[in-house]
Amino acid sequence: MDQISKAVQLLNQGEVVGMPTETVYGLAAKIDSDVGLQKIFAVKARPFFDPLIVHVNSILQAQELAAEWPVAADLLAKKFWPGPLTLILKKSSKVSPLITSGLETVGLRWPSHPIAQDLIEKVGVALAAPSANKFGRTSPTTKQHVEDEFKNEVFVLEGGESEVGIESTIISIKDESEFSLLRPGMISLNKIQDYLNEHRIQNIWTQSASKQLVPGTMKHHYMPPKPLVLTNRMWPPHLLMDEIQKKISELPTEIEGVKIIRPTKIVQMHELHLPETPALAARGLYQSLREASGSSADVLILIWPEHKRGGEWSAIWDRLSKAASLDLI
Ligand code: TXA
Ligand code: MG
């Protein structure tokens, strides 16, 4: 049996399946299978208050899951789908409250990865899928990452390395003109605003009232197993070591439900390096964090200058600042 047929069979039995997407790998279940949906939360150790994104394979399929389809949603879907953009819209009755954590809205995305598309097509139902990592941890960008995370308990489709490398941009569209950015991604806020303006769509951007529901907006998320320390400048190594030693001992053992490893004595530091363009930096970001965590070092260091903390670097900075245990300015 080929891998897609096997995945379809498992999904139909109420199982979860690791699904490659262009952003990160997801842990998928059919949106009409309560058993499968509950398994997603159990396998991830994810709290039920955190809603799931639904993956579709056409605009028509998305429209069936939304109670309203504003002009702005139509424009953005036609421009950026299939691709790394999630739209939060009022949900239709076809969407289970298990998916939305009881909210009246649903997150919809049409992924561009051919295997994700093939899977949704063949199973014939939209798939709910959060990133395939334990709650609060770094998202997976390869099949191997997912297998490591769930100790081979989950069947994972092979889809190569995720091309984008970080999770989709999430925007919510409250009515025709009121928007909010819930999570930055590689489709930048600027690009979205420019496109809407070009099409004369009035767009007023507000802070979302449901901000706390998006872990992307929690202070600590995407954390690698070893503490990541950021700094905006070069330090003499011994001073840096002393400073980290002092600050790390003051950290709590857990932040927002995510456990932090605090080495008692720092002997070895591992310096991370990321590529110089945002697209390449995003693609390799989680892989670098995982690799560095696997080294024998006690802490990971990343020198990250001020000019890479906004603009085109916004989404990468967002993930870095949330993955970090310390930022030494
Ligand atoms: O790129 C992605 O978006 C990946 C791939 C697998 O598609 N998925 C992903 O899912 O990152 P997850 O669950 O790790 O993050 C989705 C975020 C969650 O933080 C959740 O709170 C938010 O989307 N979300 C989902 N539905 C929502 C809703 N109705 N209102 C507000 N936030 C919502
Ligand atoms: Mg996630």
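The values are calculated or read from the model by the stated rules, or taken from the named source; none is laboratory data. Here the structure is a predicted model, which means the values were calculated and not measured. Methodologically, a virtual Cβ is constructed for each residue, glycine included, from the backbone with ideal geometry; neighbour enumeration extends over all protein chains shown.
Just one of the numbered conditions (1) crowded, with 19+ Cβ neighbours inside 10 Å; (2) among the acidic types (Asp, Glu); (3) touching a helix residue (DSSP H, G or I) at 6+ places or on another chain (Cβ under 7 Å) is not true of Glu149; which one?
(3)
Would you check if Leu280 is within 22 Å of the chain's Cα centre (by Cα) and assigned to a helix (DSSP H, G or I)?
Details: within 22 Å of the chain's Cα centre (by Cα): yes; assigned to a helix (DSSP H, G or I): yes.
In short, yes.
Mind checking which residues of the range 38-90 are in contact with a Leu (Cβ under 9 Å, 6 or more places away or on another chain) and of a type in the set (Val, Ile, Thr)?
Ile40, Val43, Ile53, Val54, Val56, Thr86, Ile88
Looking at the range 276-294, which of its residues are within 17 Å of Met223 (Cβ to Cβ) and either at pLDDT below 90 or among the aliphatic types (A, V, I, L, M) (or both)?
Leu285, Leu289, Ala292, Ser293, Gly294
So Gln212 fits all but one of (1) at pLDDT below 90; (2) touching a helix residue (DSSP H, G or I) at 6+ places or on another chain (Cβ under 8 Å); (3) in a helix (DSSP H, G or I); what number is the exception?
(2)
With respect to Leu239, is the statement that it is under 13 Å from Asp327 (Cβ atoms), modelled with pLDDT of 80 or more and away from ligand 1 (no atom under 16 Å from the Cβ) true? Reasoning before the result, please.
Details: under 13 Å from Asp327 (Cβ atoms): no; modelled with pLDDT of 80 or more: yes; away from ligand 1 (no atom under 16 Å from the Cβ): yes.
For Leu239, the condition - under 13 Å from Asp327 (Cβ atoms), modelled with pLDDT of 80 or more and away from ligand 1 (no atom under 16 Å from the Cβ) - is not met.
List, please: which pairs have Cβ atoms under 6 Å, are six or more places apart or on different chains, and start with a residue in the range 96-110 that is closer than 8 Å to Ile53 by Cα and near ligand 1 (Cβ under 6 Å from one of its atoms) and end with one that is hydroxyl-bearing (Ser, Thr, Tyr) and part of a strand (DSSP E or B)?
Pairs that qualify, where the first residue is closer than 8 Å to Ile53 by Cα and near ligand 1 (Cβ under 6 Å from one of its atoms) and the partner is hydroxyl-bearing (Ser, Thr, Tyr) and part of a strand (DSSP E or B), are Gly107/Thr86; Arg109/Thr86.
Just to be sure I understand the filter: pairs with C-beta atoms under 7 Å, separated by 6 or more residues or on different chains, first member in the range 177-195 and more than 16 Å from ligand 2 (Cβ to nearest atom), second member of a type in the set (D, E, K, R). Which pairs pass?
Once the first residue is more than 16 Å from ligand 2 (Cβ to nearest atom) and sits in the range 177-195, its partners that are of a type in the set (D, E, K, R) give Ser188/Glu312; Tyr195/Lys79.
Out of all the residues in the range 295-329, which are of a type in the set (S, T, N, Q), modelled with pLDDT under 95 and in a helix (DSSP H, G or I)?
Within the range 295-329, the subset of a type in the set (S, T, N, Q) is 295-296, 314, 321, 325.
From what is left, the residues that are modelled with pLDDT under 95 are 295-296, 321, 325.
Correct list: Ser321 only.
Please indicate, with yes or no, whether at least one residue in the range 191-201 is at pLDDT 80 or above and under 25 Å from Pro305 (Cα atoms).
yes
So, in the range 127-184, of the ones that are of a type in the set (Val, Ile, Thr) and more than 9 Å from ligand 1 (Cβ to nearest atom), which residue ends up farthest from Pro278 (Cα to Cα)? Let's see the steps before the verdict.
Just the residues of the range 127-184 that are of a type in the set (Val, Ile, Thr), to begin with: 138, 141-142, 146, 154, 156, 164, 166, 169-171, 173.
Next, from what is left, pick out any that are more than 9 Å from ligand 1 (Cβ to nearest atom): 138, 141-142, 146, 154, 156, 171, 173.
Numbers: Thr138: 18, Thr141: 17, Thr142: 20, Val146: 24, Val154: 32, Val156: 28, Ile171: 20, Ile173: 26 Å.
Going through the qualifying residues, I end up with Val154.
Cβ contacts < 7 Å: first residue touching a residue at least 40 places away in the same chain (Cβ under 8 Å), restricted to the range 119-131; second residue away from ligand 2 (no atom under 16 Å from the Cβ) and assigned to a strand (DSSP E or B), any location; separation 6+ or different chain. Result?
Val123/Lys30; Val125/Lys30; Leu127/Lys30
Mind listing just one residue for me: the one in the range 110-163 that is among the basic types (Lys, Arg) and assigned to a loop (DSSP other than H, G, I, E, B) and, of those, farthest from Gln13 (Cα to Cα)?
Once the filter is applied, the top-ranked residue is Lys134.
Quick one: in the range 254-275, of everything that is assigned to a loop (DSSP other than H, G, I, E, B) and closer than 12 Å to Asp298 by Cα, which residue is modelled with the highest pLDDT?
Taking the range 254-275 and keeping what is assigned to a loop (DSSP other than H, G, I, E, B), we get 256-257, 260-268, 272-275.
Still in the running and closer than 12 Å to Asp298 by Cα: 261-268.
Details: Ile261: 74, Arg262: 78, Pro263: 82, Thr264: 81, Lys265: 85, Ile266: 85, Val267: 86, Gln268: 91.
In this case the residue turns out to be Gln268.
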